[in-house]
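The values are calculated or read from the model by the stated rules, or taken from the named source; none is laboratory data. Small disclaimer: the values here were computed from a predicted structure and weren't measured. All Cβ positions, even for glycine, are placed from backbone atoms using ideal geometry, and neighbour counts span all protein chains on display. For the accessible areas, the whole protein counts, side chains as well, though only heavy atoms, and no ligand, DNA or RNA atoms are used. Shrake-Rupley method; radii C 1.70, N 1.55, O 1.52, S 1.80 Å.
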Amino acid sequence: MSSLFEPVQVGALHLANRIVMAPLTRNRAPGALPTALMATYYSQRATAGLIVTEATAISHQGQGYANVPGIWSAAQIAGWKKVTDAVHASGGKIVVQLWHVGRVSHNDLQPGGQAPVAPSAITAKTKTYLITDGVGAFVPTSAPRALGIAELPGIVQDYRRAARNAIDAGFDGVEVHGANGYLLDQFLRSGSNHRTDAYGGSIENRARLLLQVMHAITAEIGGPRTGLRLSPVTPANDASDAQPQPLFEYVVQQLAPLKLAYLHFIEGQTGGARDYLQGDKPFDYTALRAAYRNAGGTGAWMVNNGYDKSLAEQSLAGGADLVAFGKLFIANPDLVRRLRQGAPLSEPDRHTFYGGDATGYTDYPALASNR
Ligand code: 8OZ
């Protein structure tokens, strides 16, 4: 049997296998409230060793798309409790992905119709998703305003409170969304961070907000219940950095003492080329892992982006601990079983990825049980 199907201890979490359901935005939470349909969807996928929820806003200001869920209010916590109960009843483990979109938003989604916030007042060349009169559309993001330095402790506090809410909602832990050109990644990368204060310029300064967030969350709920997702070279949402290798090596070295459950890497371009080039040379993930391990980092190493079974097995043989699958989990609720049996995989319908109802969400069948 391949090690993909072997149990593994990840921080405080005992996982039945090394197959992770990647975070997938599905825009089916009207009013930012998790629904009963979401509980069904996640519990159908509970044979994953670990489920990472769709990105979930830590505050109203952290919202950037229509009908994505939040985790700042009592009603949201109650909604998520139904999701975690359903997943746990089906024998699964689930963490919530904590999200602040920063500049990847639209005035219509922000408190009081204000401008979205960012490290610097630079508009992202990307789109967000609005639903107007029931009709969804991708629209350009709004011009952001630069956050004042005095506002940053409040954002750290919003992350901390969201992590506490996650535990109250019954989650096994949290994954901080530090990837894909959202707020924390905007601070990290030189293309979006032109600040001249203690949060901009040097690598140390650009990493400061992320590290403060990770310290606050691990102080609140413990490192062994905390993961982090990073995407060192993705151009998603207009993210760019001139020298990602030293930046991300510094980040993982600083994280080593926090005893995190795991680090989760999107390798290459999110949803695209694994060998995507940003900076002057190919990104070296082996060197990144060595930097983390040499600094004493013990967290599990989770890899993601375009994996199939054979690439996943190769990656585990090469030292990864967990493999996250995204699109395959949309159309194959019983993906773990299908991979184990070498059964055929269903193809997802892109038209129902974002928004809508049960169609293309909870209606993908599992294999017949007598197979
Ligand atoms: C697809 C559509 C909207 C958001 C990400 C949270 O890229 C997302 C996202 C993906 O991480």
- Task: Subtract the Cα-Cα distance of I149 and F353 from 0.36 nm times their separation in residues, and report this length gain in nm to one decimal.
- Result: 69.7 nm
- Once Q243 and A89 are pulled to full extension, the length gained, defined as 0.36 nm per residue separation minus their Cα-Cα distance, is 50.9 nm
- Query: What are the residues whose amide H is under 5 Å from the amide H of G136, where those residues sit 5 or more places off or on another chain and H is modelled from the backbone?
  - Reply: none
- Hey, what do the phi angles of region 194-204 turn into as Karplus ³J(HN,Hα) couplings, whole Hz, using 6.51/-1.76/1.60 and θ = phi - 60°, x for Gly and Pro? 10, 5, 10, 9, 5, 10, x, x, 5, 4, 4
- Note on the structure: Averaged per residue, the 1.4 Å probe accessible area of the chain, protein heavy atoms only, in Å², is roughly 37
- Message: Explain nothing, just compute: Karplus ³J(HN,Hα) = 6.51 cos²θ - 1.76 cosθ + 1.60, θ = phi - 60°, for every residue of region 341-357 in order, whole Hz, x for Gly and Pro.
- Response: 8, x, 6, x, 9, 7, 8, x, 9, 4, 5, 10, 4, 10, x, x, 10
- Arrange the peptides 291-300, 319-328, 165-174 so that the one whose residues have, on average, the most other Cβ atoms within 10 Å appears first. 165-174, 319-328, 291-300
- Extension gain (nm, one decimal) between T40 and K281, 0.36 nm per residue minus Cα-Cα: 82.4 nm
- Message: Charges on Cβ only, +1 for Lys and Arg, -1 for Asp and Glu, centred on the Cα centroid of the chain; of A273, G355, A317, which one is farthest towards the dipole's positive end?
- Response: A317
- Item | Highest-first arrangement of 124-133, 102-111, where packing means the average Cβ count within 10 Å | 102-111, 124-133
- Task: Between beta-carbons, use under 14 Å as the cut-off and find the net charge around Q278, counting Lys and Arg +1, Asp and Glu -1.
- Result: -4
- Query: Name the residues of region 203-244 whose amide N is less than 15 Å from a point 7 angstrom out from the Cα of K81 along the C-beta direction?
  - Reply: none
- Mind giving me the nanometre distance, one decimal, between the label points for Q341 and A290, set 7 Å out from Cα along Cα→Cβ? 4.3
- Query: With r defined as the distance between the Cβ atoms of N107 and A273 and R0 fixed at 45 Å, what FRET efficiency is calculated, to the nearest 0.05?
  - Reply: 0.85
- Message: Between Q253 and H194, how high is the FRET efficiency from 1/(1 + (r/R0)^6) when r is the Cβ-Cβ distance and R₀ = 25 Å? Nearest 0.05.
- Response: 0.50
- Magnitude of the Cβ-charge dipole (Lys and Arg +1, Asp and Glu -1) of region 261-314 about the Cα centre, nearest 20 debye, reported as 160
- Item | Interchain or long-range residues, amide H under 5 Å from T126's placed H | T141
- If you put +1 on each Lys and Arg Cβ and -1 on each Asp and Glu Cβ, how big is the dipole of the chain around its Cα centre, in Debye rounded to 20? 320
- Query: Just for region 8-352, what percent of DSSP beta bridges are antiparallel, to the closest 5?
  - Reply: 20
- Query: How would you order 355-368, 24-37 from highest to lowest mean count of nearby Cβ atoms within 10 Å?
  - Reply: 24-37, 355-368
- Just from its helices, what would the mean residue ellipticity at 222 nm be for the chain, if runs of 4 or more DSSP H residues each count -39500 (n - 2.57) and the sum is divided by every residue, rounded to the nearest 500 deg cm²/dmol? -8500 deg cm²/dmol
- Message: To the nearest 20 Debye, how big is the dipole of region 118-242 about its Cα centre, given +1 on the beta carbon of each Lys and Arg and -1 on that of each Asp and Glu?
- Response: 160
- Summed side-chain charge close to G360 - residues other than G360 whose Cβ falls under 13 Å, Lys, Arg +1, Asp, Glu -1: 0
